[in-house]
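The values are calculated or read from the model by the stated rules, or taken from the named source; none is laboratory data. Model, not experiment: these values are computed from the prediction. Note that we place each Cβ from the backbone using ideal geometry, even for glycine, and neighbour counts take in every protein chain shown. All accessible areas refer to the heavy atoms of the entire protein, side chains included, with ligands and DNA or RNA removed. Shrake-Rupley method; radii C 1.70, N 1.55, O 1.52, S 1.80 Å.
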Amino acid sequence: MQLSSPKSKLLRAVSPLLCRQCHQSTATVSKRAAEQNCLALLQSCDSLARLIQLQASILKSGLHGNLLVLTKFASTSSDLDAIDYASRFLFASESDTLLYDAFFFNTVIRAYARTGHAKDSAIFYYKLMLGNGVWPNKFTYPFVLKACAGLGSLKLGEQVHGSVGKIGFDTDVHVLNTMVHMYCCCEGGVGFARKLFDEMPKSDSVSWSAMIGGYARLGMSGDAVGLFRRMQISGGRPDEITMVSVLSACTDLGALELGKWLESYIDKEKVPKSVELCNALIDMFAKCGDVDKALRLFRDMGERTIVSWTSVIVGMAMHGRGLESVSLFEEMKEAGTAPDDVTFIALLSACSHSGLVEQGWQYFNSMTKDFAILPKMEHYGCMVDLLSRSGLVKEALDFVKKMPIEPNPVIWRTLVAACRAHGELNLGESITKQLIRNEPMHESNYVLLSNIYAKMYHWEKKTKVREAMDKKGMRKIPGSTMIELNSEIYEFVAGDKAHNQYKEIYNMVDEMGREMKRAGYLPTTSEVLLDIDEEDKEDTLNLHSEKLAIAFALLKTPPGTSIRIVKNLRVCVDCHSATKFISKIYDREIVVRDRNRFHHFRDGICSCNDFW
Ligand code: ZN
Ligand code: ZN
């Protein structure tokens with residue numbers, strides 16, 4: 001939007017309606033009564049059509065120079081068209097006697113900042129305000145900064161930050177809090193946010209919440225939890241919004257002990273348990289491995305939203321308890337809560353993780369038939385996954401061919417993985433070659449092809465693929481595993497020697513290896529070749545990150561303690577088989593959350609029944 005003067009807007013908008021006669025005919029009416037009447041009418045104005053009617057009567061009663069009426073006019077509607085219309089009228093009403101003030105501009109800026117779109121219009125009116133010599137006050141900036149946050153422009157944010165300093169609001173805690181939030185919303189701005197936060201002369205619960213929430217949204221979960229701990233030490237009071245952010249960071253880390261502690265902390269500090277906070281607790285328990293506790297919390301909730309239902313359905317799905325997901329879904333429908341598209345993603349992935357092909361089809365069809373929800377890419381993806389995992393590769397391929405939307409590469413890659421697992425290697429090869437033609441820089445396509453050649457025993461072709469990857473300078477996502485012990489979170493990568501106790505850990509890995517061999521374990525050596533997408537091929541199997549984390553836990557925890565680890569990728573076949581042996585040999589329950597789901601290992605078997 002280009003800056004233009006209010007005068008030019010005057011000519012564009014409503015000048016034909018300004019008429020001297022109207023002025024005179026209403027001259028006898030008490031101005032005060034007209035003003036009150038008009039304000040009352042504006043109070044109940046709910047549509048653009050009504051706003052236009054009221055505009056005429058404002059003009060008739062000569063109130064177009066009344067700043068109180070004009071301000072009200074600007075704030076009546078949250079509808080973008082109405083705001084646009086209103087602001088055009090407001091600036092058209094300019095006369096020599098009418099002096100726009102900060103309150104008036106704030107109203108217009110706020111109206112725009114609150115809409116989902118048109119945040120640039122908020123900035124436009126802020127610049128207009130400055131251009132007209134109207135001095136912003138401390139209520140101006142939170143809305144301007146909110147608009148900057150919505151636009152996500154670091155450059156703009158820094159400009160506004162500069163003028164906050166010049167005008168002298170750089171010590172106002174409310175303005176600073178919004179600025180911290182703004183920087184967290186701009187790409188590359190989190191460092192600025194933290195600097196600002198650290199240098200704040202005084203902070204309140206909103207400041208902590210803005211910074212912790214920023215970290216949590218950006219996936220910087222360790223930083224979010226670290227800052228929360230600092231908040232407690234410095235005596236900061238937690239509010240509900242902060243706790244929702246900390247819980248989401250904790251969920252991301254998969255840190256159950258921290259999560260349990262957070263729950264008791266919420267009770268101790270009497271943080272009000274809103275539906276959002278309860279939902280965050282349910283999600284945390286489900287995704288940190290205690291899905292039964294999540295279900296208990298869900299059952300105890302007085303009021304449930306679709307998010308509450310979806311959280312428990314997802315939770316059950318991740319733990320391979322697909323039938324329970326299905327029955328929760330049926331219960332939800334009976335309770336009168338209509339599912340949305342996210343619920344269906346949860347439900348279909350539950351069917352997929354538990355191999356419920358028939359139910360999967362039934363629910364997929366019911367989406368459109370019973371709930372008028374058009375399947376999106378994710379729903380098609382779930383179906384392809386379900387059919388592929390169940391070995392129905394041909395059906396999966398037919399399904400993809402008949403999709404009414406263009407399948408995305410994720411869907412094709414799912415299909416290729418199925419081809420590899422179920423021996424449809426030629427088909428897999430041809431799909432993958434097509435994928436590489438379409439996305440020549442996407443690393444996982446090459447890995448898939450390389451794995452297919454390994455399975456075909458075409459070593460030369462496989463080597464060529466690896467060489468092509470190296471030539472293009474592609475790097476794989478390194479596998480890493482997190483573990484929480486005594487309130488600390490440790491992270492291991494394959495072949496890690498960064499830990500100060502790495503020698504003991506490696507000795508423990510050797511010992512585990514000897515014990516496992518004695519118990520009949522055979523390393524899945526082909527995995528070195530097959531699963532190079534999951535771990536670096538140079539690293540030998542027993543140095544995969546999850547084995548290091550398990551060895552560390554065996555060293556550090558008393559016998560009988562459950563071990564919980566979080567893997568960033570899908571757990572490989574060899575680690576899966578080794579973990580089964582370890583759970584039996586050392587008599588430990590081992591809970592592994594990988595990229596897709598939970599595995600509960602106990603007494604030599606896994607809850608996923610080797611289906612993941
Ligand atoms: Zn592994
Ligand atoms: Zn498993």
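Odds and ends about this structure:
- Here Val465, Val400 are screened, and the one residue that is outside the structural domain of Lys547 (by TED's automatic domain parsing) and touching a Pro at 6+ places or on another chain (Cβ under 6 Å) is Val400.
- Flag if Ile565 is in contact with a strand residue (DSSP E or B) (Cβ under 8 Å, 6 or more places away or on another chain) and in a helix (DSSP H, G or I): no
- The criterion of at least 3 residues that are modelled with pLDDT of 95 or more and more than 21 Å from the chain's Cα centre (by Cα) is met by the following helices (runs of 4 or more DSSP H) wholly inside region 283-367: 291-300, 322-334.
- For region 573-595, taking the residues that are at pLDDT 90 or above and basic (Lys, Arg), the one that is surrounded by the fewest Cβ atoms within 10 Å (Cβ to Cβ) is identified as Lys584.
- Given (1) open to solvent by less than 60 Å² (accessible area, probe 1.4 Å); (2) within 8 Å of ligand 2 (Cβ to nearest atom); (3) within 13 Å of Gly320 (Cα to Cα), index of the condition Asp610 fails: (1)
- Selection status of Asp574, more than 10 Å from ligand 2 (Cβ to nearest atom) and on the phi > 0 side of the Ramachandran plot: no
- Across region 219-270, the number of residues qualifying as in a loop (DSSP other than H, G, I, E, B) and closer than 25 Å to Gly188 by Cα comes to 2.
- Considering residues of region 596-607 that are open to solvent by 20 Å² or more (accessible area, probe 1.4 Å) and in contact with a strand residue (DSSP E or B) (Cβ under 7 Å, 6 or more places away or on another chain) only, the residue nearest to Gly479 (Cα to Cα): His600
- Qualifying residues in region 587-601 (those that are in contact with a helix residue (DSSP H, G or I) (Cβ under 6 Å, 6 or more places away or on another chain) and of a type outside the set (D, E, K, R)) - the one farthest from ligand 1 (Cβ to nearest atom): Phe598
- Residues satisfying the stated conditions in region 574-612, i.e. assigned to a loop (DSSP other than H, G, I, E, B) and within 33 Å of the chain's Cα centre (by Cα): Glu589, Asp594, Arg595, Asn596, Arg597, Ser607, Cys608, Asn609, Asp610, Phe611, Trp612
- Residue within region 521-533 that is modelled with pLDDT of 85 or more, of a type in the set (Asp, Glu), within 16 Å of ligand 2 (Cβ to nearest atom) and open to solvent by less than 10 Å² (accessible area, probe 1.4 Å) present: no
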